[in-house]
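Here is the structure we will look at, set down as structure tokens.
Nothing in this text is a laboratory measurement; each read-out follows from the coordinates by a stated rule. No experiment lies behind these values; they were computed from the predicted model shown. Because the Cβ atoms are built from the backbone with ideal geometry, glycine has one as well, and the counts that use them run over all protein chains shown.
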Amino acid sequence: MFLQTYAVAQAQGGDAGRDDEPGQPGGGVGLAVDTAKPALKPPAMFKVLLLNDDFTPMDFVVEVLESFFSMNREQATRVMLTVHTQGKAVCGIYSRDVAETKAEQVIDYARRHQHPLMAKIEQA
């Protein structure tokens, strides 16, 4: 890249952009230096958890899992039973924004249907 820029400047008949002359600031060596590429890492993932309560009907929990987490009836029933027996269960793992949105949607939907079902997120 540097050599191409240098060649273009020379072809145009000027010394524009040349810092490789002795006595010039930063000059003297004339080495091309690659800029370091930033180390990119994937975004942190978050689990969406449903929490057990004694009032939300099991059928409603299955409906929520099917609607908001695209589970089939068998998967939704299995997760619902895990919530019921263990107090909580993971419904899905998403990026932070998606996980927060899913949890809010579940809570809003439950409130509209007058159920105390709660969802929360935690880092995976």
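Phi angles of the range 92-97 translate, via the Karplus equation with coefficients 6.51, -1.76, 1.60 and θ = phi - 60°, into HN-Hα couplings of x, 10, 9, 5, 4, 4 Hz per residue; Gly and Pro are given as x.
Can you list the chymotrypsin sites (Phe, Trp or Tyr not before Pro) in the range 37-90 that are in a DSSP coil and have 12 or fewer other beta carbons within 10 angstrom? Don't skip to the end; give the middle numbers.
Details: sites: 46, 55, 60, 68, 69; in loops: 55.
Passing both the DSSP loop test and the Cβ count: 55.
Between residue 101 and residue 85, the modelled labels are 3.4 nm apart [label points 7 Å from Cα along Cα→Cβ].
Between amide H atoms placed 1.01 Å from N, distances below 5 Å from residue 92 occur with 48, all of them 5 or more places distant or on a separate chain.
How much length, in nm to one decimal, is gained on full extension between residue 93 and residue 111, taken as 0.36 nm per residue of separation minus their Cα-Cα distance? Present the calculation step by step, with values, prior to reporting the outcome.
On the way: separation 18, 0.36 × 18 = 6.48 nm, distance 2.31 nm.
Stretched out fully, the residue 93 to residue 111 stretch lengthens by 4.2 nm.
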